[in-house]
1. Answer yes or no as to whether B:L80 is over 22 Å from A:M50 (Cβ atoms), at pLDDT 90 or above, facing another protein chain (nearest Cβ under 9 Å) and in a helix (DSSP H, G or I).
2. Hey, can you tell me all the residues within the range A:122-144 that are at pLDDT 95 or above and β-branched (V, I, T)?
3. If B:A57 satisfies all but one of (1) modelled with pLDDT under 95; (2) surrounded by fewer than 20 Cβ atoms within 10 Å (Cβ to Cβ); (3) of a type outside the set (S, T, N, Q), what's the number of the condition it fails?
4. Go through the range B:23-36 residue by residue and tally those that are touching a residue at least 40 places away in the same chain (Cβ under 8 Å) and either away from every other protein chain (no Cβ under 11 Å) or part of a helix (DSSP H, G or I) (or both).
5. Kindly provide the set of residues from the range A:35-63 that are within 16 Å of B:Y40 (Cβ to Cβ) and either in contact with a strand residue (DSSP E or B) (Cβ under 7 Å, 6 or more places away or on another chain) or not in a helix (DSSP H, G or I) (or both), ordered by number.
6. Any idea which of (1) exposed (fewer than 15 other Cβ atoms within 10 Å of the Cβ); (2) touching a residue at least 24 places away in the same chain (Cβ under 8 Å); (3) under 19 Å from the mean Cα position of the chain (by Cα) is the one B:Y115 doesn't satisfy?
7. What number of residues within the range A:102-154 satisfy the criterion of being touching a residue at least 12 places away in the same chain (Cβ under 8 Å), more than 18 Å from the chain's Cα centre (by Cα) and within 14 Å of another protein chain (Cβ to nearest Cβ)?
8. Please determine, by comparing only the residues of the range B:85-117 that are assigned to a helix (DSSP H, G or I) and acidic (D, E), which one is nearest to A:P82 (Cα to Cα).
Amino acid sequence: MLKRSFAALPKAPLLAALLGAGILLSACVSPPQKDYTAFRESRPYSILIMPPVNLSPDMKAAPTFLSASIRPLAEAGYYVIPVSLSSETFRQNGISAAEEAQAIRPERLREIFGADAALYLTITRFGASYALIDSVVAAAASARLVDLRSGREIWSGSANVSEGSTNASGDLFGMLLTAAASQILNTISDRAYTAGRRAAGELLSAGKTGGVLYGPYNPNYGTD
Amino acid sequence: MEARVLRRVFLVFLCAAALSGCSGGPAPLYYWGNYESQVYSYLSGERREKQIEALSADLEKAESDAKALPPGFYAQLGLLYMEAGDDAAAIACFRTEKERFPESAAYMDFLLGNYGK
């Protein structure tokens, strides 16, 4: 039926209408433009990922986000200060809580780690939650990138990833059983880990609207 | 004839839009291997012996395929050697990290300085 109406209409107006619709729709959904002036002035080569503040009840949130944040930033083109070592350095200096670490002055961080910028992560959601009918795995975090030489914030962003376990059969009792079983599976499976990696990737990859700029190691450096 | 040309233009437009969505992206800058999962294991407090094994395997593979290892890879291995008591290997790893990534110099010197004391 679509084919017939396509054949019936004059072509040029249809093509123009489709292109026009695309432009209108993208204008509706595009987020406000971020101001990258401070980021471009900063030109960081290296990033220190700070111990994340974890607002979720899951102990695995911080290790997941820490390890999953390396790749998107390194592939974006930044040197990422080795995460296990920086964690150890904080620990060995008596800094046990992420909030404590995140309160350290930028100059001191620059002195010890030599990084140009630091990434301050706050994990707002992580893990599986039992919501009666469905069992949802979620990972969400917000981040700020701060230039350690000036103390200025040069970028911020957030990401929210969730996936539910859907029951195809549709009956209530079946759904309750499925939700309970998948709750168990979720908590012992690595779905939360996968969601965390996706969230970190969405949060910290370059080459997307609102994302970090490309860094010096990436061939696209300076093109965005 | 005009109708055919326009239909082709429309189809090309659709194909280009579709393809740009599923291109898969450019090739990665680094060979990642087990690195991320081993950092996760380390941060989760898991046993170190398997981590040295896993990263050493990645090291061999990357060297044989002439691929670049990511920021922090050598330092991670160095940390594991340090904890295992193999100071010479640890120092070698921190030095390699510093060579590959000059931005790491300040921190690597800090760690190597702690060795000298």
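1. So B:L80 fits the description; yes.
2. A:T122, A:I123, A:T124
3. Tallying (1) modelled with pLDDT under 95; (2) surrounded by fewer than 20 Cβ atoms within 10 Å (Cβ to Cβ); (3) of a type outside the set (S, T, N, Q), B:A57 fails exactly one: (1).
4. Matching residues across the range B:23-36 total 1.
5. A:I49, A:P51, A:P52, A:N54, A:D58, A:M59, A:K60, A:A61, A:A62
6. Every condition holds for B:Y115 apart from (3).
7. Here the count works out to 10.
8. Restricting to residues being assigned to a helix (DSSP H, G or I) and acidic (D, E), the top hit is B:E97.
The values are calculated or read from the model by the stated rules, or taken from the named source; none is laboratory data. Treat the numbers as computed from the prediction; the structure is a model and nothing was measured. Virtual Cβ from ideal backbone geometry, glycine too; neighbours counted across all protein chains shown.
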